[in-house]
Amino acid sequence: MARARRSAAGRSATGFRPRVLAAVRSIPRGRVATYGDVAELAGAPGAARAVGNVMRQCGDPSVPCHRVIASAGGLGGFGGYLDRKRQLLRAEGLEVTRTSVRGFAEVRWPGQKQPRRRTPATGPRRQPV
């Protein structure tokens, strides 16, 4: 019986790839997400490089890998086919230069993360009305 590989955090690594592919499939047409965004959506913040490896090995045309870009709007890798990546992003209505997506902040999905509001650990809690 094969044992599941464990990451440094102790979690099983066997479900990471399907979570990454599901996250990438959820990026809407005409929007982009960074490798770090996808890692966070897949439940592994800080695993941007691992997301890049999944994207590099994907090869499934149903996964819009071209929508995953480097931080700050750079195009990233795409297996050495950057012309194809530019073409696909432009076909979705994005403005793309030779090296990056213009207006990155406006087309980034799911957008900037909002910091979680912390509730104080002490003090009275409000009662529902």
Sequence order, segment 60-69: Karplus ³J(HN,Hα) from phi using 6.51 cos²θ - 1.76 cosθ + 1.60, θ = phi - 60°, Hz rounded, Gly and Pro as x, gives 8, x, 7, 9, x, 4, 5, 7, 9, 10
Provide the gained length on full extension for the span residue 99 to residue 49, in nm with one decimal, where the gain is 0.36 nm per separating residue minus the Cα-Cα distance. 16.1 nm
Cα extents of segment 16-107 per principal axis, largest first, Å, are 31, 25, 20
Sorting check: for 72-79, 31-38, which peptide has the highest mean count of neighbouring beta carbons within 10 Å, and how do the rest follow? 31-38, 72-79
Theoretical gain in end-to-end length, residue 22 to residue 72 [0.36 nm per residue, Cα-Cα removed]: 15.7 nm
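Quick one: which of 54-61, 15-22 comes out on top by average Cβ neighbours within 10 Å, and what's the full order, highest first?
Result, highest mean Cβ count within 10 Å first: 15-22, 54-61.
We did not get these values from a lab; they are worked out from the coordinates using the rules stated. Nothing here was measured: the structure is a model prediction, and the numbers come from that model. Because the Cβ atoms are built from the backbone with ideal geometry, glycine has one as well, and the counts that use them run over all protein chains shown.
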